[in-house]
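Some notes on the structure that comes next.
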């Protein structure tokens, strides 16, 4: 199933993994921010670098041969812990945690710090595109219309400041294997960026998509 | 100048800073990858987390109050070391290093690992959008038509595998303060994603843009 790994875990097992990896990954996110903003002297930087290299070597003593992939369980729920936007275990993901509405909506409050900067003090335009791609995909998944992005159009309405933000995505309409979704990123004053996208059920997943009598039995995302 | 800091450095000073921060930031990128892929046991994770927290605390002993911003020098060149795509000091940036052609072209060979994943084994669609936004902006800057992204349209032609990739951007046409740019991401078999975008000179920079008799004296980017 193209890199999707079947893995059934009990609620307790899942809670234990989350309890281990969430604070660990957060500690690396915090280090990422400090790495970019630190003004300590060269000697301190070299001490930090040596310590980081030693930790990395210990972590690599036992590791996945490639990327993390996506794990799924028998009830159709997925665990995209490696995902660049929502991945619990991915330090470059802020990470966003979407509320999903089965009507085909998803929304999320989130915070972007120094690592997501483009113009000074502002969110990188491409980071907004990255987040909106995910938000629209989440809305499709929430509405049991998962797909891979076919196209995405972003309009920047005004600058987006680093800080506390919100994004929303929703299904606009469907046509066969295509789902058209829309969404926004915004701050306290309203939307700053808006997006439209088309999400397409991959060819390899169409039989599964077609035959799903029980819609709950199909994966809720392809990413 | 809206978060742009003037900072003239000699070539030697710049080389020294680069020599210090480039390997340091790379060590954090390597840790990010290991954090996501490690399968060591819980005790080892906890040891790593404690060590990371200790390093972060030392780095934060002296730090910038906010985000990194963009530094520029008297010759108009900029140092976007905090940028989420090209930032030498930003661990979430791969980072990309663009060759810039004054004809208004920019291109770059790069590698994306596990941290940039969306669907299993594939580059996150939004990461492609992020990189293309930067590539198009670099092309505009290279052609001395810097701007902030007004709109961006991405078409996904086929899946992009994690690994060695290439991107290109070029100016398609200009209209007053607007520059229209196009670009692609591709692998050894050709393009996988294509983009079009419009980049707009910000209002606060228009007087500078208009008055620049010596085009070399204006910044080569706004992000």
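Let's see how each residue does on (1) surrounded by fewer than 21 Cβ atoms within 10 Å (Cβ to Cβ); (2) farther than 24 Å from residue A:209 by Cβ; (3) at the interface with chain B (Cβ under 8 Å from one of its Cβ atoms):
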{"position": "A:16", "(1), (2), (3)": "yes, yes, no"}
{"position": "A:22", "(1), (2), (3)": "yes, yes, no"}
{"position": "A:35", "(1), (2), (3)": "no, yes, yes"}
{"position": "A:52", "(1), (2), (3)": "no, yes, yes"}
{"position": "A:58", "(1), (2), (3)": "yes, yes, yes"}
{"position": "A:74", "(1), (2), (3)": "yes, no, no"}
{"position": "A:77", "(1), (2), (3)": "yes, no, no"}
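Has segment A:131-140 got any residue that is in contact with a strand residue (DSSP E or B) (Cβ under 9 Å, 6 or more places away or on another chain), surrounded by fewer than 21 Cβ atoms within 10 Å (Cβ to Cβ) and touching a residue at least 40 places away in the same chain (Cβ under 8 Å)?
no
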Matching entry among A:113, A:125 (being at the interface with chain B (Cβ under 10 Å from one of its Cβ atoms) and out of contact with any strand residue (DSSP E or B) (no Cβ under 6 Å at 6 or more places or on another chain)): A:113
Enumeration of residues in segment B:147-182 that are under 24 Å from residue A:131 (Cβ atoms), outside any strand (DSSP E or B) and either in contact with a helix residue (DSSP H, G or I) (Cβ under 7 Å, 6 or more places away or on another chain) or away from every other protein chain (no Cβ under 12 Å) (or both): B:147, B:160, B:162
message: For the condition at pLDDT 95 or above and within 7 Å of another protein chain (Cβ to nearest Cβ), what is the one hit in A:82, A:104, A:3, A:87?
response: A:82
field: Breaking point among (1) surrounded by fewer than 20 Cβ atoms within 10 Å (Cβ to Cβ); (2) away from chain B (no Cβ under 12 Å), for residue A:98
entry: (1)
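The values are calculated or read from the model by the stated rules, or taken from the named source; none is laboratory data. It should be emphasised that the depicted structure is a prediction, and the values quoted were computed from it without experimental measurement. Using ideal geometry, Cβ is built from the backbone for each residue, glycine included, and neighbour counts are taken over all protein chains shown.
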